[in-house]
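The values are calculated or read from the model by the stated rules, or taken from the named source; none is laboratory data. In this text, all values refer to a predicted model and were calculated from it rather than measured experimentally. Ideal geometry is used to build each Cβ from the backbone, glycine not excepted, and the neighbour counts take in all protein chains shown.
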Amino acid sequence: MADRTANSKLEEYIEKIHYSDRYSDDHYEYRHVILPKPLLKLIPKELFDEKEGTLRLLTEAEWRGIGITQSLGWQHYEVHAPEPHVLLFRRPKNYVPPAQPQPAVKANPRKK
């Protein structure tokens, strides 16, 4: 029962993650993601910087693992210590994701 309650809370917090509009400079486009503060308490301790007490820079797999969903190419590039629930992301301006290989089309032999 406790696991179900924890999962329910986690889902509730994930639904409340706020994604800013994108903004840019000459090289990058940026956005910030604001996590609900209670969600920070549910994030595994190994994702925190022990010295600073804030989240460390997360890999794509790690930030997706805590419920952040955004298109490809975003990099978690900075932590703002006064607001540890705000994650700063960037990606190259005009980013184009790598092409996904297309499955081979099988020839369909004609019936006679």
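Picking from residues in region 12-28 that are outside any loop (DSSP other than H, G, I, E, B), within 15 Å of the chain's Cα centre (by Cα) and not aromatic (F, W, Y), the one that is nearest to V86 (Cα to Cα) is H18.
Only one of the numbered conditions (1) crowded, with 16+ Cβ neighbours inside 10 Å; (2) touching a strand residue (DSSP E or B) at 6+ places or on another chain (Cβ under 8 Å) is not met by G67, and that is (2). Does P38 satisfy the criteria of being touching a residue at least 12 places away in the same chain (Cβ under 8 Å), under 25 Å from N7 (Cα atoms) and either not charged (D, E, K, R) or not in a helix (DSSP H, G or I) (or both)? The answer is yes for P38.
Count, please, the residues in region 48-77 that happen to be in contact with a Phe, Trp or Tyr (Cβ under 9 Å, 6 or more places away or on another chain) and not hydroxyl-bearing (S, T, Y).
Qualifying residue count for the region: 13.
With respect to L10, is the statement that it is at pLDDT below 90 and out of contact with any strand residue (DSSP E or B) (no Cβ under 9 Å at 6 or more places or on another chain) true? For L10, the condition - at pLDDT below 90 and out of contact with any strand residue (DSSP E or B) (no Cβ under 9 Å at 6 or more places or on another chain) - is met.
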